1. Inspect the stretch 26-33 for any residue being under 13 Å from residue 73 (Cβ atoms) and among the β-branched types (Val, Ile, Thr) and give the result as yes or no.
2. Select from the stretch 58-99 the residues that are in a loop (DSSP other than H, G, I, E, B) and modelled with pLDDT under 95 and write down the one among them that is surrounded by the most Cβ atoms within 10 Å (Cβ to Cβ).
3. Against the definition (crowded, with 16+ Cβ neighbours inside 10 Å and in contact (Cβ under 8 Å) with a residue 24 or more places away in the chain), how does residue 24 come out, yes or no?
4. Of the residues 11, 50, which single one is assigned to a strand (DSSP E or B), among the hydroxyl-bearing types (Ser, Thr, Tyr) and in contact with a Leu (Cβ under 7 Å, 6 or more places away or on another chain)?
Amino acid sequence: QVHVVESGGGSVQPGGSLSLSCTTSGTAFSLDLMAWYRQAPGKQREFVASLASGRYARYADSVKGRFTISRDSAKKMVHLEMNSLEPEDTAVYYCKSTTSGVDYWGSGILVTVSS
């Protein structure tokens, strides 16, 4: 059984930083495409960043230069470092693991950027 669990959300002022982590179990991880998505209130879920093992990271234009995705294969974790946060980054952030063509989602974690 595959489990995907996010951690590290919270509240921060504009211009601040937060780090999110995602722990997976039940997959080989090394073969997985790991990604972060987010869903703001009243909006559709949108792509944030993704990273496959040995591949270049991909980012949404809205977060390029501010967010960094990384993965730790030994711990089966993926991280999202978020800097220069803006109120528009407020959303529930979801981690997704894609393995053998199947998507597994975490339950999401809230990030609030507000003064």
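The values are calculated or read from the model by the stated rules, or taken from the named source; none is laboratory data. Computed from a predicted structure; not experimentally measured. Because the Cβ atoms are built from the backbone with ideal geometry, glycine has one as well, and the counts that use them run over all protein chains shown.
1. Taking every residue of the stretch 26-33 in turn, at least one turns out to be under 13 Å from residue 73 (Cβ atoms) and among the β-branched types (Val, Ile, Thr).
2. So the residue we want is 76.
3. yes
4. 50
Residues checked against (1) modelled with pLDDT of 95 or more; (2) surrounded by fewer than 18 Cβ atoms within 10 Å (Cβ to Cβ); (3) over 11 Å from the mean Cα position of the chain (by Cα):
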{"residue": "7", "(1), (2), (3)": "yes, yes, no"}
{"residue": "11", "(1), (2), (3)": "yes, yes, yes"}
{"residue": "15", "(1), (2), (3)": "yes, yes, yes"}
{"residue": "28", "(1), (2), (3)": "no, yes, yes"}
{"residue": "31", "(1), (2), (3)": "no, yes, yes"}
{"residue": "47", "(1), (2), (3)": "yes, yes, no"}
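Results for (1) touching a Cys at 6+ places or on another chain (Cβ under 9 Å); (2) under 23 Å from residue 112 (Cα atoms), shown as yes or no for each residue.
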| position | (1), (2) |
| --- | --- |
| 9 | no, yes |
| 23 | yes, yes |
| 29 | no, no |
| 32 | no, no |
| 37 | yes, yes |
| 66 | no, yes |
| 73 | no, no |
| 80 | yes, yes |
